[in-house]
Amino acid sequence: MDISQVAKQSGLAASTLRYYEQKGLIQSVGRRGLKRVFSSAVMQQLALISLAQAAGFSLDEISRMFNDQGEANIDRKKLRQKADEIDLKINRLQKMRDGLRHAANCSAENHLQCPKFVKLLDLSIKANKMK
């Protein structure tokens with residue numbers, strides 16, 4: 001598959017594919033004229049990259065998920081750690097959602113007089129510190 005076919009099938013720009021290749025995330029198998037050519041396995045690699053990015057892995061972390069032949073070699077411990085991070089994020093987001101719903105329906109004249117809203121503000125401060 002040439003780079004334009006991969007771009008069309010994956011929905012990624014050719015410049016992104018070239019960047020991924022530069023970072024060692026994917027590898028072309030040659031050229032057809034001026035265009036890079038990739039094996040069909042690149043689609044699965046791109047799917048893994050997309051999934052890992054959605055889970056919050058950096059491109060450097062993702063590059064370590066592939067061996068020198070471009071085959072997936074994923075560290076299960078890193079997956080567990082990322083899953084734990086996501087669980088914490090979900091917990092914080094659920095608390096924030098609940099606080100926002102309460103604030104929207106709170107009978108306090110001023111939101112800063114509402115203890116639950118003040119807790120939401122504190123949660124926001126803690127979340128910013130963790131970034």
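What the table below lists for this structure:
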quantity	calculated
Meets criteria (loosely packed, with under 15 Cβ neighbours inside 10 Å, closer than 26 Å to LYS129 by Cβ and out of contact with any Ser or Thr (no Cβ under 8 Å at 6 or more places or on another chain)) for GLN53	yes
Meets criteria (surrounded by 13 or more Cβ atoms within 10 Å (Cβ to Cβ), without any contact (Cβ under 8 Å) to a residue 40 or more places away in the chain and either touching a helix residue (DSSP H, G or I) at 6+ places or on another chain (Cβ under 8 Å) or in a helix (DSSP H, G or I) (or both)) for LYS126	no
First in the range 82-103 and in the same structural domain as PHE57 (by TED's automatic domain parsing), second anywhere and charged (D, E, K, R), Cβ under 7 Å, 6 or more apart	none
Boolean, LYS89 is in contact with a Ser or Thr (Cβ under 7 Å, 6 or more places away or on another chain), at pLDDT below 95 and of a type outside the set (Asp, Glu)	no
Lone unmet requirement of (1) modelled with pLDDT of 95 or more; (2) closer than 30 Å to GLN5 by Cα; (3) in contact with a Phe, Trp or Tyr (Cβ under 8 Å, 6 or more places away or on another chain) for LYS82	(2)
The range 15-29, residues that are of a type in the set (A, V, I, L, M) and either buried (at least 18 other Cβ atoms within 10 Å of the Cβ) or at pLDDT 95 or above (or both)	LEU17, LEU25, ILE26
Leading residue by the ranking (nearest to ARG18 (Cα to Cα)) among those in the range 30-73 that are within 15 Å of the chain's Cα centre (by Cα) and either at pLDDT below 90 or among the β-branched types (Val, Ile, Thr) (or both)	ILE49
The one condition in (1) surrounded by 13 or more Cβ atoms within 10 Å (Cβ to Cβ); (2) under 30 Å from LEU46 (Cβ atoms) that LEU93 fails to fulfil	(1)
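The values are calculated or read from the model by the stated rules, or taken from the named source; none is laboratory data. Model, not experiment: these values are computed from the prediction. Don't worry about glycine lacking a Cβ; one is built from the backbone with ideal geometry, like all the others, and counts go over all protein chains shown.
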